[in-house]
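The values are calculated or read from the model by the stated rules, or taken from the named source; none is laboratory data. None of these values were measured; they are calculated from a predicted model. Neighbour counts are summed over all protein chains in view; Cβ atoms, including those assigned to glycine, are modelled from backbone coordinates with ideal geometry. Side chains are part of the model used for accessible areas, which takes the heavy atoms of the whole protein and leaves out ligands, DNA and RNA. Shrake-Rupley method; radii C 1.70, N 1.55, O 1.52, S 1.80 Å.
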There are 2 protein chains.
Amino acid sequence: MAYELHYWPSIQGRGEFVRLALEDAGVDYVDVARLPSDQGGGEANLASWLSYATPPPFAPPVLKAHDKIIAQTAVILAWLGRHHDLAPVEEEGRMWVDQLQLTIADLVAEVHDTHHPISAGQYYEDQKAPALARAQAFRQERMPKYLRYFERILAGNGAGGGGLAGAAITYADLSLFQVVRGLQYAFPNAMAAMAPDIGAVLTLADQVERRGRVAAYLKSPRRIPFNEEGIFRHYPELDE
Amino acid sequence: MAYELHYWPSIQGRGEFVRLALEDAGVDYVDVARLPSDQGGGEANLASWLSYATPPPFAPPVLKAHDKIIAQTAVILAWLGRHHDLAPVEEEGRMWVDQLQLTIADLVAEVHDTHHPISAGQYYEDQKAPALARAQAFRQERMPKYLRYFERILAGNGAGGGGLAGAAITYADLSLFQVVRGLQYAFPNAMAAMAPDIGAVLTLADQVERRGRVAAYLKSPRRIPFNEEGIFRHYPELDE
């Protein structure tokens with residue numbers, strides 16, 4: 001039976017990290033909320049499904065795999081990693097990929113807060129002044145800190161065509177690809193300025209993008225384009 | 001050989017979630033950075049140790065257990081849960097506790113940003129206006145959303161003396177205790193107002209606090225008091 005992904009239907013968001021892993025693994029899945037509403041799709045059906053799911057998820061994305069209901073992006077990915085060959089088999093390697101994913105998750109939360117530093121429940125336009133300040137601190141301090149960290153790991157691994165956890169590509173590499181493309185979309189100027197310092201990170205992103213099933217997915221209508229409802233938003237004033 | 005915890009020596013911070021698990025499990029450990037500097041303690045030694053640790057941690061806390069170096073709070077806790085009986089044995093139960101812990105981690109990050117909504121690298125006094133706005137949104141929207149979520153889980157479990165994942169107390173329950181006490185410290189007014197709605201959460205916190213080894217730890221000098229350098233800070237103006 002196909003897995004079910006339950007996530008907002010109009011954004012990449014955190015669901016995209018799960019979509020990329022499902023696509024790369026070649027797993028049969030249904031992106032339920034993107035179905036027509038009379039087939040269970042749409043935001044109202046999603047909200048209803050979430051309210052009845054057990055154990056109760058705090059927020060989407062949620063994966064239904066066989067009889068399991070799994071929430072929290074990093075937990076979903078760890079499960080897919082174990083069961084679909086996107087993570088090392090032994091405990092130490094798995095824990096390292098788990099760590100990388102949580103560091104990526106922290107970065108993603110900080111990206112979100114560049115445009116919503118006060119409240120996700122208020123409009124961007126109503127928190128634009130603090131957004132300008134937070135985005136500046138993010139571009140100047142946090143983004144370089146995170147990206148140089150991943151660069152250091154890849155350089156330490158020889159940066160020779162492998163990923164963050166060695167030769168085999170893991171779900172953390174897929175996620176880093178998504179973060180790099182997202183940052184390039186949201187902060188093209190800041191990312192262009194950083195390019196000379198993060199050669200191995202950019203090379204890894206290119207390498208992930210060329211993987212057969214990832215490349216096919218990115219060209220398909222299943223890939224929702226970046227947009228200004230998601231986590232990575234291009235507001236030019238936040239990239240100056 | 002005793003485990004080593006590597007974390008900032010003057011705050012509870014994220015390290016406290018690890019300390020509580022180590023203490024409750026009765027594990028022999030050294031809180032390395034709290035040693036005198038000629039025995040390897042202090043912030044300079046911590047920074048040096050972190051820069052050489054492999055695989056490279058992004059940030060503390062880091063646990064050294066036997067020959068393993070484990071970073072990211074939730075990964076450390078999952079490992080302690082597996083190896084020291086603070087989590088269910090089967091996969092589904094373990095994943096549920098992982099999910100709970102990541103939801104708690106998200107809440108903790110939001111608490112931090114109530115006093116540092118712009119940049120952790122700038123003084124609170126220099127970001128006080130956005131801090132007032134973010135703290136208000138946190139108290140009115142986010143804190144109730146998180147705490148009612150945990151209340152709903154405990155109520156669903158019968159709230160009969162067990163924890164978030166059933167009868168046995170897990171590391172997520174220890175962490176929820178820490179969050180409850182931290183929120184009561186930082187936002188005493190908001191927490192008092194919420195008390196009637198989160199009876200099961202408060203009862204669980206009391207239950208954890210009375211566990212033998214936790215109670216002994218809390219009374220010991222090993223427990224650093226809440227203070228205004230940590231995540232949970234009492235700035236009265238953020239609780240009005």
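Rounded, prolate or oblate: which fits the protein assembly as shown, taking a ≥ b ≥ c as square roots of the Cα gyration tensor eigenvalues, rounded meaning a/c under 1.5, else prolate when a/b beats b/c? Working shown, then result.
Numbers: a/c = 1.27, a/b = 1.20, b/c = 1.05.
Taking the square roots of the gyration eigenvalues as a ≥ b ≥ c, the protein assembly as shown is rounded.
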Report summary line: Heavy-atom accessible area of A:V75, protein chains in place, probe 1.4 angstrom, given in Å² to nearest 10, is 10 Å²
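Among the listed pairs A:K64/B:K68; B:K64/B:K128; A:K219/B:K145; A:K64/B:K145; A:K128/B:K145, which are separated by more than 27 Å between their Cα atoms?
Values: A:K64/B:K68 33 Å; B:K64/B:K128 38 Å; A:K219/B:K145 38 Å; A:K64/B:K145 24 Å; A:K128/B:K145 25 Å.
Flagged as over cut-off: A:K64/B:K68; B:K64/B:K128; A:K219/B:K145.
Tally Lys and Arg at +1 and Asp and Glu at -1 over the other residues with C-beta under 13 Å from the C-beta of B:T54: what net charge comes out? Walk me through the numbers on the way to the answer.
On the way: positive: A:R152, B:K64, B:K68; negative: A:E92, B:D67.
Surrounding charge for B:T54 is +1.
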Report task. Using only the C-alpha atoms of chain A, find the volume of their convex hull and express it per residue in Å³. Result -> 127 Å³
Query raised in the report: Roughly what % of DSSP beta bridges within the protein assembly as shown run antiparallel, to the nearest 5?
Result: 75 percent
**Report entry** Neighbourhood net charge (15 Å Cβ-Cβ; Lys/Arg +1, Asp/Glu -1) for B:Q184
**Finding:** -2
Report task. Report the residue, chosen from A:P144, A:P196, A:P117, that carries the largest GNM mean-square fluctuation when chain A is represented by alpha-carbon nodes joined by springs under 10 Å. Result -> A:P196
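Defining a contact as two alpha carbons under 8 Å apart and six or more residues distant in sequence, what relative contact order in percent does chain B show?
Across chain B, relative contact order equals 22 percent.
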Report task. Give the accessible area for A:I153 in Å² (nearest 10); use a 1.4 Å probe, count only protein heavy atoms, and leave out ligands, DNA and RNA. Result -> 10 Å²
Report summary line: Classified through the alpha carbon gyration tensor (a ≥ b ≥ c as square roots of its eigenvalues; rounded if a/c is under 1.5, else prolate when a/b is larger than b/c, else oblate), the range A:168-240 comes out oblate
**Report entry** At 7 Å out from Cα toward Cβ: A:P221 inter-copy label distances (nm, ascending)
**Finding:** 7.0
Report summary line: Ranked by GNM mean-square fluctuation in chain B (Cα springs under 10 Å), the top entry among B:Y146, B:Y123, B:Y185 is B:Y123
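Given the DSSP H assignment, sum -39500 (n - 2.57) over each helix run of at least 4 residues in the protein assembly as shown and divide by its residue total; what's the result at 222 nm in deg cm²/dmol, nearest 500? Write out the running numbers ahead of the final one.
Working: 20 runs with 246 residues, N = 480.
Helix contribution divided over all residues of the protein assembly as shown: -16000 deg cm²/dmol.
Once you sort the root eigenvalues of the Cα gyration tensor of the range B:91-211 as a ≥ b ≥ c, which label holds: rounded (a/c under 1.5), prolate (a/b larger than b/c) or oblate (the other case)? Working shown, then result.
Values: a/c = 2.38, a/b = 1.79, b/c = 1.33.
Prolate shape, in that a/c is at least 1.5 and a/b is the bigger ratio.
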Query raised in the report: Highest GNM mean-square fluctuation, chain A, Cα pairs closer than 10 Å: which of A:A190, A:A87, A:A44?
Result: A:A44
**Report entry** Ranked packing of A:19-26, B:14-21, A:162-169, most packed first, by mean Cβ within 10 Å
**Finding:** B:14-21, A:19-26, A:162-169
Report task. Once the label point is placed 7 Å from Cα along Cβ, list for B:R148 the distances to the corresponding points in the other copies, in nm, shortest first. Result -> 4.4
Report summary line: Spelling it out for B:G163: with amide H atoms placed in the peptide plane at 1.01 Å from N, the residues 5 or more places away or on another chain with amide H under 5 Å from its amide H are B:A168
